[in-house]
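Engineer: Quick one: the structure is below, questions incoming.
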Amino acid sequence: MSDLSNPSRRKALQLLAGVPMLPLATATAASSLLAGFGSATAIAAPAAGAGFASAAFTGMAAPTLSDAAAMATTSVGSSLAVTLSDGSTQTFKLAYQPFFITGDMVSDGKGGTILAGGYVDINGKPIIDKSVPGKERQVFSDSPDGTSLLALPNAAVPGVKGKAVFAVVQFEYTTSNQAGADTYGTLPSPIAVLTLDQDQATGKLTLVQYHNVDTSKVHGLWITCGASLSPWNTHLSSEEYEPDAAFIESNKPFKAYSANLYGDETKANPYHYGHLPEVTVNPDGTGSIKKHFCMGRISHELVQVMPDNRTALMGDDATNSGLFLFVADREKDLSSGTLYVARIGEGFSINPADAGAKLSWIKLGHATSAEIEEMAGKLKPADIMTVVKEDPNDASFTKIFSNGAANWVKLKPGMEKAAAFLETHRYAYLMGGSMGFTKMEGTTVNIKDKVAYSALQNMVDSMVKGGKGWNAASGIALEKPLVAGGIMAHNLAGGQKDQTGAAIDSEWVPVQTKALLVGEDIPADALGNLANPDIIGNPDNLKFSEKLRTLFIGEDSGSHVNNFLWAYNVDTKTLSRLMSIPAGGESTGLHAVDELNGWTYIMSNFQHAGDWGKTLHGKVQATLDPLVRANYKDRFGAAVGYLTAETTSLQLSKA
């Protein structure tokens, strides 16, 4: 029973309302601030009017083989310290709380169950793994990714006792079938709406209903990776590594994808994939989806819409990728607008001490989603441009680089718009865009400082002089690769013009880019790490919390034995390790929620635990593999969940 008779305790509960933090209930009793105190413990109440001042994370050490169990699961040894305006502080130990492990049977909200992360075809029928006779089963994902947490004012879902909130979760791929064969890119990505019961006394989220979104009207989904929550409360998904339409006949994974989706390996149209899907959640916990075909057909990793509700900065997870900007015609509507690609000026550097380089913008075109979808259904690659991989010795062709390889291309007359939106990478190169980045992944924005951030999982190949796909015209010319990657910061401003002198109708245009944080490549250490484990390595997911003034960073590393989730305070410049992902796994699904019904959350998933690399994991695999298999369904399962306080820290008093 909670002891609320103590006057100091009652006063604290009253005064702490309005203090946003993880995992404090700010709209109610603020029970977490009183965590760990027994009923007989007297505590000092904060001064009248005391409010939230700042928060700081204390990091954890990376786990080692001395605690092998910690390396084989989601390990959290970090804490959050909150300072109030009267100078008082409170510290909370953090913990990880999963909603489910993929492959679990969870509630469908109708009295039955449904397979979490399960795959279905275009008709909603389960896709069955028949690779091992006698063990036939529905395929489920080991790679949950982009997640958005949101609330609706009129939510109504049976079984919710507190308040209904919703999480949209997408599943990027499945690593392999039961026989061990690679299945990457061969399955239509599921996307689900989770109805969660938010306990108003503790903030705890409990899964009540799992609903698969019907994706048949958007031709199914292709490799859904990172995601973000739009300012108007919708889930902005992604389709990365767009299938190369010009050479689709030799793309075996895409043929398998088509066979799994349609039952016919020739039916799927590559021009229907590589776009930006948007999911709208309904008050009953269902959802609907549409694709925006006018935002460029690129390797969409993650899109960040700016506070103007119109400007979208897009990650492009490829070799020879670019920094793309989309400015919608209308607020809260991405169905039409103008697409731009950045051109990098002099001074590009990955040294955080350097000033960085100016950015200018090239207009690629204006379109509506409807007209580009119509083009996608009618046009073949040869209708738009001729693309060959060998030098035709014809001056009418232009040599470019696409995904690290040389192409020679010739645009068909009058096909500029089709090329801009269906062959975006090649057209952006032809138009003079700086197509030299490698694996530009997560993108997010710091609104107060008017800075956007982009993660480069690594800085290799097309970013390095003489590297695969390198071209001097990109403005990027590193002297040596940095496999561990880093994060770029882009200053944002208005009053910008494109290459024609026309005004760009946005106050949130990147005008300068410089390095913020970079990793450090090292010789293999005692565990096998190939990048310094005490700083970021191969950053992927990025999300920024305005309240906490913190950039959250999730890793997708071939350099860290365990990938980590980090917090970087942009004011104190402090980097803190919050969580260790199971070895061989990737940190995904990151979403920082400053306030949801008075509570603050950090959503976090992981993918493909135990996906061993011979060099990276050679020193740990024998020890960790049986532990990971025991934890995560023989390596077929992965967690969807969030960071919270330890269970014991939510208790007001001893029983």
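The values are calculated or read from the model by the stated rules, or taken from the named source; none is laboratory data. In this text, all values refer to a predicted model and were calculated from it rather than measured experimentally. Positions of Cβ are generated from backbone atoms using ideal geometry, with glycine treated the same way; all protein chains shown enter the neighbour counts. Just the protein is used for accessible areas: all its heavy atoms, side chains included, with ligands, DNA and RNA removed. Shrake-Rupley method; radii C 1.70, N 1.55, O 1.52, S 1.80 Å.
Engineer: Out of all DSSP beta bridges in segment 449-498, what portion is antiparallel? Express it as a percent rounded to 5.
Structural biologist: Numbers: 7 of 8 bridges.
Expressed as a percentage, antiparallel bridges in segment 449-498 total about 90.
Engineer: Another question about this same structure. Looking at 119, 99, 79, which one has the Cα that reaches farthest to the positive end of the dipole of segment 64-188 (charges on Cβ: Lys, Arg +1; Asp, Glu -1)?
Structural biologist: 99
Engineer: A further question follows. Principal axis extents for the chain, Cα atoms only, whole Å, descending order, please.
Structural biologist: Result for the chain: principal-axis Cα extents of 87, 61, 54 Å.
Engineer: Rounded, prolate or oblate: which fits segment 419-524 when a ≥ b ≥ c are the square roots of the eigenvalues of the alpha-carbon gyration tensor, with rounded for a/c under 1.5 and prolate only if a/b beats b/c?
Structural biologist: Oblate.
Engineer: What angle do you read, to the nearest 10 degrees and between 0 and 90, between the alpha-carbon axis of helix 621-631 and the longest principal axis of the chain?
Structural biologist: Between the helix axis and the principal axis of the chain, the angle is about 70 degrees.
Engineer: Could you compute the FRET efficiency for residue 131 and residue 630, with r as their C-beta to C-beta distance and R0 at 35 Å, rounded to 0.05?
Structural biologist: 0.95
Engineer: Students often check this: by mean Cβ neighbours within 10 Å, which of 575-583, 173-181, 496-504 ranks highest, and how do the rest follow?
Structural biologist: 575-583, 173-181, 496-504
Engineer: If you average 1/r over every pair of different alpha-carbon atoms in segment 304-374 and take one over that average, what Kirkwood value in Å do you get? If you can, show how the numbers build up before the last one.
Structural biologist: Values: mean 1/r = 0.0726 Å⁻¹.
Radius from the Kirkwood sum: 13.8 Å.
Engineer: Ratio of alpha-carbon Rg to the 2.2 N^0.38 Å globular estimate for segment 238-324, to two decimals, please.
Structural biologist: Against the compact-globule rule of thumb, the ratio is 1.25.
Engineer: So which of 389/468; 110/135; 290/547; 290/412 end up more than 26 Å apart, counting from Cα to Cα?
Structural biologist: 110/135; 290/547; 290/412
Engineer: If you don't mind, there's one more thing I want to ask. Suppose each label sits 7 Å from its Cα in the direction of the beta carbon; what would the residue 388-residue 596 distance come out to in nanometres?
Structural biologist: According to this spin-label approximation, the distance is 5.4 nm.
Engineer: For residue 93 and residue 249, calculate 0.36 nm times their separation in residues minus their Cα-Cα distance, and state this gained length in nm to one decimal. Don't skip to the answer; put the middle values down first.
Structural biologist: On the way: separation 156, 0.36 × 156 = 56.16 nm, distance 5.33 nm.
Gain on stretching residue 93 to residue 249: 50.8 nm.
Engineer: Using a 1.4 Å probe, what is the accessible area per residue for segment 179-237, in Å²?
Structural biologist: 28 Å²
Engineer: Taking amide H positions as placed in the peptide plane 1.01 Å from N, state which residues far from residue 276 in sequence (5 or more) or on other chains have amide H under 5 Å from it.
Structural biologist: 292, 295
Engineer: Give a residue-ordered list of calculated ³J(HN,Hα) values for segment 353-368 (Karplus: 6.51 cos²θ - 1.76 cosθ + 1.60, θ = phi - 60°; whole Hz; x for Gly, Pro).
Structural biologist: 7, 7, 6, x, 10, 6, 10, 10, 10, 10, 6, 9, x, 10, 7, 9
Engineer: So, one more: Can you compute the FRET efficiency between residue 448 and residue 67 using 1/(1 + (r/R0)^6), with r the Cβ-Cβ distance and R0 = 35 Å? Round to the nearest 0.05.
Structural biologist: Once rounded, the FRET efficiency stands at 0.35.
Engineer: Once you keep just the Cα pairs under 8 angstrom separated by 6 or more residues, what percentage relative contact order results for the chain?
Structural biologist: Worked out over the chain, it gives 16 percent.
Engineer: Given labels modelled 7 Å from the Cα in the Cβ direction, how far is it in nm from residue 138 to residue 206?
Structural biologist: 2.4 nm
Engineer: In addition: Take the cross-link list 125/255; 291/399; 448/543; 417/514; 332/543; 291/633 and give me the ones stretching past 23 Å between alpha-carbons.
Structural biologist: Among 125/255; 291/399; 448/543; 417/514; 332/543; 291/633, the Cα-Cα distance tops 23 Å for 291/399; 417/514; 291/633.
Engineer: Additional query: Give, in nm to one decimal, the length gained when the segment between residue 497 and residue 477 is fully stretched (0.36 nm per residue of separation minus the Cα-Cα distance).
Structural biologist: Extending this stretch completely gives an extra 4.6 nm.
Engineer: R0 = 25 Å: FRET efficiency of residue 535 with residue 53, Cβ-based, nearest 0.05?
Structural biologist: 0.35
Engineer: Same structure again: Rounding to the nearest 20 debye, state how big the charge dipole of segment 385-525 is about its Cα centre with +1 on each Lys and Arg Cβ and -1 on each Asp and Glu Cβ.
Structural biologist: Using Cβ point charges on Lys, Arg, Asp and Glu, segment 385-525 gives about 260 debye.
Engineer: Right, next: Give the residues of segment 175-207 whose amide nitrogen is closer than 20 Å to a point set 7 Å from the Cα of residue 156 in the direction of its Cβ.
Structural biologist: 194-198
Engineer: With each pseudo-label sitting 7 Å past Cα toward Cβ, what's the residue 571-residue 396 distance in nm, one decimal?
Structural biologist: So the two model labels end up 6.2 nm from each other.
Engineer: Continuing with this model, one more query. Starting with the highest mean, order 196-206, 426-436 by the number of other Cβ atoms within 10 Å, averaged over the residues of each peptide. Provide the component values of the computation, followed by the final result.
Structural biologist: Numbers: 196-206: 19.8, 426-436: 24.5.
The most tightly packed comes first, giving 426-436, 196-206.
Engineer: I would also like to ask the following. Counting heavy atoms of the protein chains only and a 1.4 Å probe, report the per residue accessible area for segment 328-453 as a whole number of Å².
Structural biologist: 43 Å²
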